[in-house]
1. Pro744 passes all but one of (1) open to solvent by less than 70 Å² (accessible area, probe 1.4 Å); (2) part of a loop (DSSP other than H, G, I, E, B); (3) touching a Leu at 6+ places or on another chain (Cβ under 9 Å); which number fails?
2. Across segment 789-810, what is the number of residues that are within 30 Å of Glu499 (Cα to Cα) and either among the polar types (S, T, N, Q) or open to solvent by less than 10 Å² (accessible area, probe 1.4 Å) (or both)?
3. At least 2 residues that are in contact (Cβ under 8 Å) with a residue 12 or more places away in the chain and farther than 27 Å from Thr163 by Cβ in each: list the helices (runs of 4 or more DSSP H) lying fully within segment 329-426 that qualify.
4. Just to be sure before I move on: is Met876 among the aliphatic types (A, V, I, L, M), surrounded by fewer than 16 Cβ atoms within 10 Å (Cβ to Cβ) and not in a helix (DSSP H, G or I) in the structure I sent?
5. Output the qualifying pairs, or none if there are none: Cβ atoms under 7 angstrom, residues six or more apart or on different chains, first residue in segment 942-961 and closer than 16 Å to Ala774 by Cα, second residue open to solvent by less than 50 Å² (accessible area, probe 1.4 Å) and hydroxyl-bearing (Ser, Thr, Tyr).
6. Answer with yes or no whether Leu658 is open to solvent by 30 Å² or more (accessible area, probe 1.4 Å) and aliphatic (A, V, I, L, M).
7. Please list, ordered by residue number, the helices (runs of 4 or more DSSP H) wholly in segment 437-523 having 2 or more residues that are modelled with pLDDT under 85, open to solvent by 10 Å² or more (accessible area, probe 1.4 Å) and in contact with a Ser or Thr (Cβ under 6 Å, 6 or more places away or on another chain).
8. Only one of (1) over 29 Å from Ala382 (Cβ atoms); (2) in a loop (DSSP other than H, G, I, E, B); (3) in contact with a Pro (Cβ under 8 Å, 6 or more places away or on another chain) is not met by Asp196, so which one is it?
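The values are calculated or read from the model by the stated rules, or taken from the named source; none is laboratory data. Note that the coordinates shown come from a computational prediction; the quantities given were computed from them, not determined experimentally. Quick reminder, even Gly has a Cβ in these numbers, built from the backbone with ideal geometry, and neighbours come from all protein chains shown. When the accessible area is computed, the model is the full protein with side chains, heavy atoms only, and any ligands, DNA or RNA have been set aside. Shrake-Rupley method; radii C 1.70, N 1.55, O 1.52, S 1.80 Å.
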Amino acid sequence: MEGGGPATSPDEEPPRDPGLSQHHSYTNEDLEGHRAHSIYVGVHVPGAHRRRSRHHRHRHHHHRGSTKEGNDNRPVTPPSQRVQFILGEDDDGDGTHNSHPLFSEMETLTEMEGGELEWKETARWVKFEEDVEEGGERWSKPHVATLSLHSLFELRSFLLNGTVILDMDATSLDQIADLVLDNMINQGQLPVEGRDKFRDALLRRHKHLYEKQKHNRENGNMSRLPLIRSLAEIGRNHSSSKSGNSAGVISHPEGNMEQSPSSGSITRNHSGTNLEGSANEHKGNTHFMRKIPPGAEASNILVGEVPFLEKPATVFVRLTQAANLGNLTEVPVPTRFLYIIMGPTGGLPRYHEIGRAMATLLSDEVFHDVAYKAKNRSHLLAGVDEFLDAVTVLPPGEWDPAIRIEPPAAIPSQQPRKSKKKEVEVIDEEEEEQRLREEAGLTRTGRLFGGFVNDLKRKKPWFVSDFKDGISVQSIATFFFLYFACLTPIITFGGLLGEATENRIAAMESLVAGLICGVAYGFFSGQPLTILGSTGPVLVFETILYDFCRTMEWDYLSFRLWIGLWCGLILLILVAVDASALVCYITRFTEENFATLIAFIFIYKAVEKVFKIGSKYPMETQVEIVPNCTCVPDMTGNVTYPADIDWSHVDEHDCHELYSGTLEGIKCAHYYPDVYLLSLILFFGTFLISFYLKNFKTASFFPTKVRQFISDFSVIIAIVLMSGTDFAIGIHTPKLEVPAKFKPTWEGRGWLIPPFNQNPWWSSLVAIVPALLACILIFMDQQITAVIVNRKEHKLKKGGGYHLDLFIVALLIVVNSIMGLPWFVAATVLSINHVNSLKLESECAAPGEKPRFLGVRENRLTHVAIFSFIGLSVVMTPILSKIPMAVLFGVFLYMGIAALKGLQFFDRIMIMFMPVKYQPDYTFLRQVPLKKVHLFTLIQLACLACLWIIKSFSQTSILFPLMLVVMIGIRKMLDWIFTQRELKILDDTLPEFSRKKRLESEAQDDDDDDTDDCKMEKSPTEGVMSIPLANGNVMKVPLNPINISEEMNKSGVWKDINQDQDKNNALNSPTKNNTKKRGTKKDALNEDEKKRLSMMAEEEEEDEGITIKVTKP
């Protein structure tokens, strides 16, 4: 392969400027005490200092020359460990080597019309590659860069043999060009006579895709402008390349510095954008600048073919400080890295692939950090080798290289590539679960109200932020969605309670209960994301209780008052003794059964309600039969009607309002034949619009902010559209009925309930029995929903408050019982939808980057606002009465289906109906046999069916809370069928029920740890040696590793590339007759060369390997 200049040792590094400060490095003492075995391990110690003496340097070179063969057989430190050392070194205090996000841009030298050359933008990288399409007028979709292995090998060869300048002190493209050319000539990469041509090509105009085409010939001919510079400025451009860590020019041993004929030239050719002041005028692509991370720097890759070169010439430059180089970069960010590869004509596709390889390397998280911290050429080569060691190879015959791979939804962390040297901390899963339970307050404190006090301490620091965090557009969308989602079941359950209790408690009482409970719970609860509401089990309890009171001829509301008081007292006792700690036994098995059941109930009830509209207003199927309806007026009074009235032409409204009559005749039962059909359209239309628009944020239409806005307001848009459709058609579909007056529904009651009201005094004691049953019901409903909301998957940062939540619910039950209002507990489906509507995702900054789930917008504002407006619904009756019930039933259907999303149980149900080859790539399918997965799912389905049957019959529905307790026992019995590993993957770890078993388990774990320690002590004889370092880290050195660097040197491709490189070096080396290396000012032949060599370091320092001798006992 063609290359540039004589080859040098990759470890070669010029020593630092003597005036510069020393940097921290690892020393031999870090490895002291590990020399007692008989095996040799080469350990790379970055930046280790040598004695700066001529005698030592002479001995070192002699040693390298005399022991070259021996070193070939000595194991070399794997590149991954070298990279870990490089990244593990302390940064200098000036921060010049701190990593920044990188924007990479590749430009190709292109011949335009008229024969003029200019640099044309061809690709860019933020995280993923974007290419300029063949038409040259648009960018491609962001995609994962796919590289050929040959281009990576060639890039490594050019870094090994080409020019590498680290920490160049330059602030303009002119200075960079001068310093680069001087070094390339010195190292034999470029003949002296090609300097002016190379510089002329390097400083050509840069054309970016975003710029509009300039058709004016006068502007088009100004691709280069002459610039007159003073002699003083010329001198400044020959300033040295210095840094606080290392002088960064890598020279060849046989390099020869020759004076450039153009160094004293007054007139130079420059790009028009490099004029003074133009950098400040360059605004760049400000629209794309929004995609660039803050604090980013640029890397520019320049690729071209020119006729005056006989072999490729490459240079890698890192500036000491990032500099704004005019319009070199598409966006106005300072440039830190430059990689230039130019060669003879005919090799542009090859150079292009090498340029893509460099840009891809710089976008790699690990090599990116290595490039910032590298102190010499060998560090860069170690980064390339580590990259090669981590790449995944695609077989050439099984995929098309022209295919652009879509960016993945989630990118795995690259931290293991950076920090493998650290001792992997083995985390005890049970201890971790115990720690999480303690943080959540699910452990016994051993003192009265201990958990309650801890919840208060945990939530107090977040109280103010709970309101500030709710100020956002997303919260407004959540408010509108949940307002209708909560209002509809409150009114619906209120109507059902009114039927069951003969209007003792009805819709108005439900609205007042929603106002009091919702606002109080939103202000003072431990987890305001939980939504309170009336639930099915509570309705069943109220129905049974009313029937009992009617049988005993007791006052229902007074007896209910005592049940509520006892229930509140029992719940307070449960709070005092930290009974909420029992929630840790509610695993995914139980909570997903409960959540799936409630979601199915929402779906079933929504469909059932729509069908009831069809039974009241049947669909017209025989249009040929004309209804023959006659109005029959009310004749009971002394009202007389004119004899000429045609009663067959009186419509239903006039018949009812004017004549107090009814319509009689064929098909007069339903006067509006299209009510049911329109209700079905409204029902499914609301669901489909809500479902589709909720997923609209992942669509390809409109900008990100517009998609996010539509997604947040999806349900509101569906309600408005479908209600508007109903209003425009004008058919009398059933509408939402809201009480218009603020007063109790039943005239025989007030807002305060008397304690007995002719009930016997001992009825207050009898109330304890139903109160116990109600406590089980409320406790299970509340805590299961709280467990679902507080899942780890939701990434909640402010924590929950199980004890505090139960305390607030207990007080609210007492208040509602005194006022004769329905009891509100946590509503599972509403709470899940509240959490889902407040989920936060990262803004997609880099093109192609998928949004990441960040957590939930935890706040109290939405909860308080929702139930405040529910209380005000009485005054909004004229507006709410326009909303069709079918639309709200469609919202019910959407909430039920949305609640199933993310449930592993539902995913496993779907898998049962899929062929194996079409099953999604879920984690549990990789780790658990498919038969075991199906068996676990069938057991859960059987439990779900039992819960459904028990709930469906009024005689057994009161046992529903007890069945949830039985679910926990069934989950414990699964330990006999599945292994603990399988249960942990499919479910959660279940804590031991008794303290004795826990202690025995911990003792067994201690024994296992001792056994593991014994095994760890034997690890050195099994192929791995652990070396503790002074900074506390542990480096693990394989005794017989597969080293990518050694294996690559043995490959035929690398040998072929190096063979071509050696031929070029032998033929083109300008110093083949002069073996003396002139790399310092002392070796300069004249004053001008001395100026250029001032950038070279005074002495030589090499990155040294340490040999550890280990003798076997």
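1. Only one criterion in (1) open to solvent by less than 70 Å² (accessible area, probe 1.4 Å); (2) part of a loop (DSSP other than H, G, I, E, B); (3) touching a Leu at 6+ places or on another chain (Cβ under 9 Å) is unmet by Pro744, namely (3).
2. Residues meeting the conditions: 3.
3. Helices (runs of 4 or more DSSP H) meeting the threshold: 415-418.
4. no
5. Lys951/Ser957
6. yes
7. Filter on segment 437-523 gives 473-501.
8. Asp196 satisfies all of (1) over 29 Å from Ala382 (Cβ atoms); (2) in a loop (DSSP other than H, G, I, E, B); (3) in contact with a Pro (Cβ under 8 Å, 6 or more places away or on another chain) except (2).
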